[in-house]
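Comments concern the structure below.
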Amino acid sequence: MEAEAFDVAALAPLGFVAIGALVTLMLEVVLSRRAFVGEGVDPETRLVARARIGIVLAFASSAAIVLAMYAAIYQFELGFETAFGPGRPMLQLDALSTFATALIGLGALLSVWLSITYLPALRINHGEYYALLLLSTAGMFVLVSAVDLISLYLGLELTSLPIYALAGFNRRRLRSNEAALKYFLMGAVASAVLLYGMALLYGATGHTDFTGISQGFAGGGGLALSGLALVIAGLAFKVSVVPFHQWTPDVYEGAPTSVTAFMAVTVKTAGFVVLMRFLVLALPEMGEKVSVLLGVLAGLSMLIGNLMAVVQDNVKRMLAYSAVAHAGYLMVGFAAGTPEAWTAVLFYLFVYLFMTVGVFCVVIALAQGGREWDSIEDFAGLASQRPALAAVMTLFLLSLAGIPGTAGFMAKFYLVVAAVDAGQIALVLILVGTSMVSFFYYLRLPVVMYMQKRRQDPDAETSSSEIVVLALCAAAILYFAFFAQADPFGTGVRALDVAGRAADFLH
Amino acid sequence: MSIPIEHVISLSALLFVIGVVGALTRRNLIVILMSIELMLNAANLALVGFNRVWSVTAEGAARYDGQVFALMVIAVAAAEVAVGLGILLSLIRNRDSLNVDDASLLRW
């Protein structure tokens, strides 16, 4: 590739979230100084003032994210496909990066809205929260457009470091500390392994950009293969694929739920997109061997994720194992590796965003009195007390299980079709079989919610921001269950076509 | 007189293995952090070493990919340690221990 124009405008989406992070940091300092001036302010006033500042910060970060998404889509509509970097491309702006940026932006936006009432409920309403969230989003924007090992590594670290801090954001809670500790230690080891793999790949091929690696890779060789194995292991850690999934349940359970929702959707999207770009650009000729390796990871993830989820008593922990299982389903698409499979994977990530945010939003709506209500017993009899909440929860769980009539079914359907076409019959059988197992644990919650008596009686109400998120997620799941390929309102946009265009990034 | 690339890479691999073993077997948090640093620096050594192999392009121009990468890694490693020590401090405030085995509330 030739050295192209060094166009700073290409970085607009990244700039908006990064500046947004700095602005929210400064805003908090300025606003809280104004609110807390004077000695004799009583704690109650302080709490109200904090909540108000939190709302301002949430609006500021929403604005930054929306601007970033708008900039990304606007640039793409203008045909602004460019490679950004000094001398050679570091970041590639194309349909895939635009799609992923929009998806990650949406995930971040919904997570911000989830946090508005959740943070005060847990008494952890500090301004750094939004700044860290935005910085991590910026890292993911880098990650999804990275076409060079250097930008990949920097993006990955910029994504991860703020999330380590966010996982431990509930500083006074031991479980949150522990989640942050485990995530940090395992994450740091994983990124060091990834880095060593990159060093070996560079040594074997003499290039750090993906296309250069693909040219240098032709001979194969032990050095290149071991580098490749380490890189795939490092990326598999980030998307919690078995056997690199051990951190997932602990971190999902211990981290504040809004953080769990954020990283469950956005990190997974970013990780899978960058893995996809790396495999397609850097290893076009390694098809057979890599596909077997990815297939093994997919099978293990589906089996272990679904089986371990069955025995969990904590909803967040159960959802963590379900996330491992879903990573396995997505890896089936990677093992297939055809353009249809990439389309199916991107569509799956899109649908997965709504299901996951929705399900964690219900857990958040239950939180009150400074603690989370996240064990399965806490859901007992929810239907009699808050019927609407129980109904949407059931919808999200059915969608995660992949029952017809929900978007989750369509996502799985396209994935299965693509995998069958690519001849991955064994993996499809595992996918269908383990999905059956998953009905058991997904349907356990509706049973508890509808058939048991309410034991505790928390008088919490669903806040308006949570209602917006829940309604949006539920509407999306119902809409894309029937109109994934259709366009009933004449908007000219079909979800599957958009995903297909994004998957077509090679041309 | 120049050092053969095999020596550099052997040293780097040795350092990396020491780092991995340390991170997996030691129980003291500070020592684990140091082991992670060792792994990152092993990678840096490999990057800089390999840069000597790939020091010119086909057209004869100088290339510094590995060295630039190593510089980036040094910056990131500093940030990583800062976050790690922050997490460590919040842990010590809540529980007077640096032993990772004490962090065992979350399991299965």
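The values are calculated or read from the model by the stated rules, or taken from the named source; none is laboratory data. Note that the structure is predicted; figures quoted are calculated from it, not measured. Positions of Cβ are generated from backbone atoms using ideal geometry, with glycine treated the same way; all protein chains shown enter the neighbour counts. Keep in mind that these areas ignore ligands, DNA and RNA; they rest on the heavy atoms of the full protein, side chains included. Shrake-Rupley method; radii C 1.70, N 1.55, O 1.52, S 1.80 Å.
Which whole-number value in Å³ per residue fits the convex hull of the alpha carbons of the stretch B:41-88?
About 52 Å³ per residue, rounded to a whole number.
Going by average Cβ density within 10 Å per residue, which order do the peptides A:16-22, A:94-100, A:71-77 take, highest to lowest?
A:94-100, A:16-22, A:71-77
Considering only A:A270, A:Y164, A:A419, whose Cα is most displaced toward the positive end of the charge dipole of chain A, charges sitting on Cβ of Lys, Arg (+1) and Asp, Glu (-1)?
Toward the positive end, the furthest listed residue is A:Y164.
Give me the accessible area per residue for the protein assembly as shown, probe 1.4 Å, as a whole number in Å².
Result: 39 Å² per residue.
Please report, as a whole percent, how much of the solvent-accessible surface of the protein assembly as shown comes from carbon and sulfur atoms (probe radius 1.4 Å).
Carbon-and-sulfur percentage of accessible area, whole number: 67.
Averaged across A:176-187, how many Cβ atoms of other chains sit within 10 Å of each residue's Cβ atom?
So the per-residue partner count for this stretch is 6.
5 Å is the cut-off here: which amide hydrogens, built 1.01 Å from N in the peptide plane, fall below it relative to A:Q368, excluding neighbours closer than 5 in sequence?
Answer set, sorted by chain and number: A:W373.
Averaged over peptide A:309-319, how many Cβ atoms belonging to another chain are found within 10 Å of each residue's Cβ?
Other-chain Cβ atoms within 10 Å of each residue's Cβ, averaged: 1.
Using helices alone, what [θ] at 222 nm do you get for chain B, with -39,500 (n - 2.57) per DSSP H run of 4 or more residues, divided over all residues and rounded to the nearest 500?
So the helix-based figure for chain B works out to -25000 deg cm²/dmol.
Ranked from the most accessible area to the least, with a 1.4 Å probe and all protein chains present, what is the order of A:S145, B:S104?
So the residues, ranked largest to smallest area, are B:S104, A:S145.
Nothing charged except the Cβ atoms of Lys and Arg (+1) and of Asp and Glu (-1): what's the magnitude of the dipole of the stretch B:5-98 about its Cα centre? Round to the nearest 20 debye.
340
How many nm separate the modelled label positions at A:L225 and B:A82, each set 7 Å beyond the Cα in the direction of the Cβ?
So the label points at A:L225 and B:A82 sit 4.2 nm apart.
Interface size between chain B and chain A, please: total buried accessible area, 1.4 Å probe, rounded to the nearest 100 Å².
3900
So how do A:165-174, B:11-20 stack up, highest first, on mean other-Cβ count within 10 Å?
Order by mean packing, descending: A:165-174, B:11-20.
With a cut-off of 8 Å between alpha carbons and a minimum separation of six or more residues, what is the relative contact order of the stretch A:197-335 in percent?
It comes to 26 percent, rounded to a whole number.
Given a cut-off of 27 Å, name the pairs among A:K268/A:K453; A:K316/A:K412; A:K182/A:K453; A:K238/A:K289; A:K268/A:K289 whose C-alpha atoms lie farther apart than that in the structure shown.
Too far apart for the 27 Å limit: A:K268/A:K453; A:K182/A:K453.
With θ set to phi - 60° and the Karplus curve 6.51 cos²θ - 1.76 cosθ + 1.60, what are the ³J(HN,Hα) couplings of the stretch A:181-188 in order, to the nearest whole Hz, using x for Gly and Pro?
4, 5, 4, 5, 4, 5, x, 5
Could you sort the peptides B:60-70, A:134-144, A:330-340, A:441-451 by per-residue average Cβ neighbour count (10 Å cutoff), highest mean leading?
Packing proxy ranking, top to bottom: A:134-144, A:330-340, A:441-451, B:60-70.
State to the nearest 20 debye the size of the charge dipole of the stretch A:283-507 about its Cα centre, where the only charges are +1 on K and R beta carbons and -1 on D and E beta carbons.
Here the size comes out at about 360 debye.
Can you work out the Karplus-derived ³J(HN,Hα) for every residue in the stretch A:251-257? Use 6.51 cos²θ - 1.76 cosθ + 1.60 with θ = phi - 60°, whole Hz, and x for glycine or proline.
6, 4, 6, x, 6, x, 4
Over chain A, what relative contact order in percent results from Cα pairs under 8 Å that are six or more residues apart?
Once divided by the residue count of chain A, the mean separation gives 15 percent.
Ignore the peptide's own chain and count Cβ atoms of other chains within 10 Å of each Cβ in B:34-41; give me the average, rounded.
What the average comes to for B:34-41 is 3.
Could you check the spin-label model distance between B:R52 and B:D101? Points 7 Å from the Cα along Cα→Cβ, value in nm.
Placing both labels 7 Å beyond Cα along the Cβ direction yields 4.3 nm.
Can you show me the helix-derived [θ] at 222 nm for chain A, built from DSSP H runs with n ≥ 4 at -39,500 (n - 2.57) apiece and divided by the number of residues, rounded to the nearest 500.
Helices in chain A give a 222 nm mean residue ellipticity of -25000 deg cm²/dmol.
Give the distance, in whole Å, between the Cα centre of the stretch B:3-48 and the Cα centre of the stretch A:279-338.
Taking the Cα centre of each part, the stretch B:3-48 and the stretch A:279-338 sit 30 Å apart.
What dipole magnitude, in Debye to the nearest 20, does the protein assembly as shown give about its Cα centre under +1 on Lys/Arg Cβ and -1 on Asp/Glu Cβ?
1420
Mind listing the phi-derived Karplus ³J(HN,Hα) values for the stretch A:304-320, rounded to whole Hz, using 6.51, -1.76 and 1.60 with θ = phi - 60°, and x for any glycine or proline?
Once rounded to whole Hz, the list reads 5, x, 5, 5, 5, 5, 4, 8, 7, 9, 9, 5, 5, 5, 4, 5, 5.
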